[in-house]
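The values are calculated or read from the model by the stated rules, or taken from the named source; none is laboratory data. What you see is a predicted model; the values in this text were computed from it and never measured. Neighbour counts run over all protein chains shown; Cβ positions are idealised from the backbone, glycine included.
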């Protein structure tokens, strides 16, 4: 009898599995544009501002989940936060892998870091564990408040002395914070070689990972084309980029390691790990990779976000004035805001959220890869599909945000506030940005400090006419405001005197 019971259970299990797989095989792909033979939709996806095309397809096909095909690669676009949460968060066990990016990951060297490492690699879990232990919580990030506060004061002094070099000052400031946190390195006042290393490497990363930018990502066999082959200039470029990436990983690490050996290293991410115990070569490689990730990812994206804040204040003087009134009421013009003030500055807090929403620095995040066949709302999502969260569209969805193209912090101060953009802008699931708490802290402090002491207004041309910025963004993997002019001046003589008092910090 027991044998019959076991046989019956086995047959029932086979039947259930067969029904399940038949259901999957019969489910249709999500709707989407019809592609060409062989190449699919490869020519339909623009190299810049692709998120606009993805949102347009969603409207055309009446679906918030859209399927495309790039050559033989199924690609699934997610246009709402709810769908992204359902798949990338709640089903993260199968949606947390990365597609193989041959150009950016393999040839240009970025595949060793956390952003592009396979979810199935033991290295990924170790990298995430390292990040979580240092910057994975608000409490952990608060330990770095002193260095952040010190460098923010230097930023204010730089803006006072030379207000026309906003982006340069932001790069110096955020680079200073991240390099000191990561390696215990204090950068030079200008033309610092390590800052230039990361600036160069991150720009190359943005180019190397742009969707559809390189044929080798679509036809991986092209990786074997020799550099001398006609038309293979991209291969030489990849070799150069890989060397730049290697320099960015190794040079600051060797600096920190030498200081640890000499017994002169200040506390930092690298020094703490090196002083724990003797590292095996494999462990040291992971530490170097983690440090490089903190260095690279923690600089460029934060600079872009604060630059977006400057643009938003230029275009929205009413929002700027409301935030300054709130700061004045709390601080009385006697001091700068700190972290503990944030709960007493609801409009400033809302303004920071609106900066993250209005101009997200990663409009498409980085692509996920589904590791198993799946069915969602009756749609078949094939194993191996690339899954792209359209973060820009999520944060400009008119069903979630009223007048989404308008910069309006008050959307978050209403009795029923609109959705917090930080639910989307830092990514999803087990691929969420590990530095999101640090970025949030830095952006808040920059916005609040600048607004306390400075007015941001439109620049004027030689005829005294205001120059209105276009408000446009570059449209790459890392999204920057297009260059614009503005005036940044102290709000009063008292404000200027306060900044002058920071000269010795």
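Within region 460-502, how many residues are surrounded by fewer than 11 Cβ atoms within 10 Å (Cβ to Cβ), modelled with pLDDT under 95 and either under 23 Å from residue 161 (Cβ atoms) or touching a strand residue (DSSP E or B) at 6+ places or on another chain (Cβ under 7 Å) (or both)?
The total comes to 0.
Residues of region 327-341 being in a helix (DSSP H, G or I) and surrounded by fewer than 21 Cβ atoms within 10 Å (Cβ to Cβ), which ones?
Correct list: 328, 329, 330, 331, 339, 340, 341.
Just the residues that are touching a helix residue (DSSP H, G or I) at 6+ places or on another chain (Cβ under 7 Å) and free of Cβ contacts under 8 Å to residues at least 40 places away in the same chain, please, taken from region 376-416.
Listed by number, the residues that qualify are 395, 402.
Considering only residues that are closer than 25 Å to residue 346 by Cβ and surrounded by fewer than 18 Cβ atoms within 10 Å (Cβ to Cβ), which ones fall in region 419-435?
Within region 419-435, 420, 422, 423 meet the criteria.
Go through (1) under 15 Å from the mean Cα position of the chain (by Cα); (2) modelled with pLDDT of 95 or more for residue 444 and report which single condition fails.
The one condition residue 444 does not meet is (1).
Take the conditions surrounded by 20 or more Cβ atoms within 10 Å (Cβ to Cβ), touching a residue at least 12 places away in the same chain (Cβ under 8 Å) and not in a helix (DSSP H, G or I) and apply them to residue 265. Does it pass?
Taking the combined requirement at face value, the residue satisfies it.
Report yes if residue 290 is surrounded by fewer than 21 Cβ atoms within 10 Å (Cβ to Cβ) and more than 29 Å from residue 405 (Cα to Cα), otherwise no.
When the stated conditions are applied, residue 290 does not pass them.
Suppose the filter is closer than 22 Å to residue 65 by Cα, in contact (Cβ under 8 Å) with a residue 24 or more places away in the chain and over 13 Å from the mean Cα position of the chain (by Cα); does residue 431 pass it?
no
Residue by residue, here is whether (1) within 19 Å of residue 289 (Cβ to Cβ); (2) assigned to a loop (DSSP other than H, G, I, E, B); (3) more than 23 Å from the chain's Cα centre (by Cα) holds:
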position: 200; (1), (2), (3): yes, no, no
position: 211; (1), (2), (3): no, yes, no
position: 222; (1), (2), (3): no, no, yes
position: 226; (1), (2), (3): no, yes, yes
position: 235; (1), (2), (3): no, no, yes
position: 239; (1), (2), (3): no, no, yes
position: 243; (1), (2), (3): yes, no, yes
position: 251; (1), (2), (3): yes, no, yes
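Run down 325, 321, 304 and say which single residue is within 14 Å of the chain's Cα centre (by Cα) and modelled with pLDDT of 95 or more.
From the options 325, 321, 304, the qualifying one is 304.
So if I check each of 225, 166, 216, 260, which one is modelled with pLDDT of 90 or more and closer than 30 Å to residue 453 by Cα?
Working: 225 fails: closer than 30 Å to residue 453 by Cα; 216 fails: closer than 30 Å to residue 453 by Cα; 260 fails: closer than 30 Å to residue 453 by Cα.
Answer to the selection: 166.
How many residues, within region 197-242, are free of Cβ contacts under 8 Å to residues at least 40 places away in the same chain and surrounded by fewer than 14 Cβ atoms within 10 Å (Cβ to Cβ)?
Here the count works out to 11.
Quick one: residue 187 ticks every box in (1) touching a helix residue (DSSP H, G or I) at 6+ places or on another chain (Cβ under 8 Å); (2) surrounded by fewer than 21 Cβ atoms within 10 Å (Cβ to Cβ); (3) in a helix (DSSP H, G or I) except a single one, so which number is it?
So residue 187 meets the others, but not (3).
Exactly one of these conditions fails for residue 216: (1) touching a helix residue (DSSP H, G or I) at 6+ places or on another chain (Cβ under 6 Å); (2) under 22 Å from residue 40 (Cβ atoms); (3) part of a loop (DSSP other than H, G, I, E, B). Give me its number.
Checking residue 216 against (1) touching a helix residue (DSSP H, G or I) at 6+ places or on another chain (Cβ under 6 Å); (2) under 22 Å from residue 40 (Cβ atoms); (3) part of a loop (DSSP other than H, G, I, E, B), the one that fails is (3).
Can you give me the number of residues within region 13-37 that are at pLDDT below 90 and not in a helix (DSSP H, G or I)?
The qualifying residues number 1.
Restricting attention to region 363-379, does a residue exist that is crowded, with 20+ Cβ neighbours inside 10 Å and farther than 24 Å from residue 46 by Cα?
Yes; the residues of region 363-379 include at least one that is crowded, with 20+ Cβ neighbours inside 10 Å and farther than 24 Å from residue 46 by Cα.
What are the residues in region 109-166 that are over 30 Å from residue 486 (Cβ atoms), touching a strand residue (DSSP E or B) at 6+ places or on another chain (Cβ under 7 Å) and buried (at least 18 other Cβ atoms within 10 Å of the Cβ), if any?
119
Quick check, is residue 427 under 27 Å from residue 202 (Cα atoms) and in contact with a helix residue (DSSP H, G or I) (Cβ under 7 Å, 6 or more places away or on another chain)? Explain how you work it out, then say what you get.
Values: under 27 Å from residue 202 (Cα atoms): yes; in contact with a helix residue (DSSP H, G or I) (Cβ under 7 Å, 6 or more places away or on another chain): no.
In short, no.
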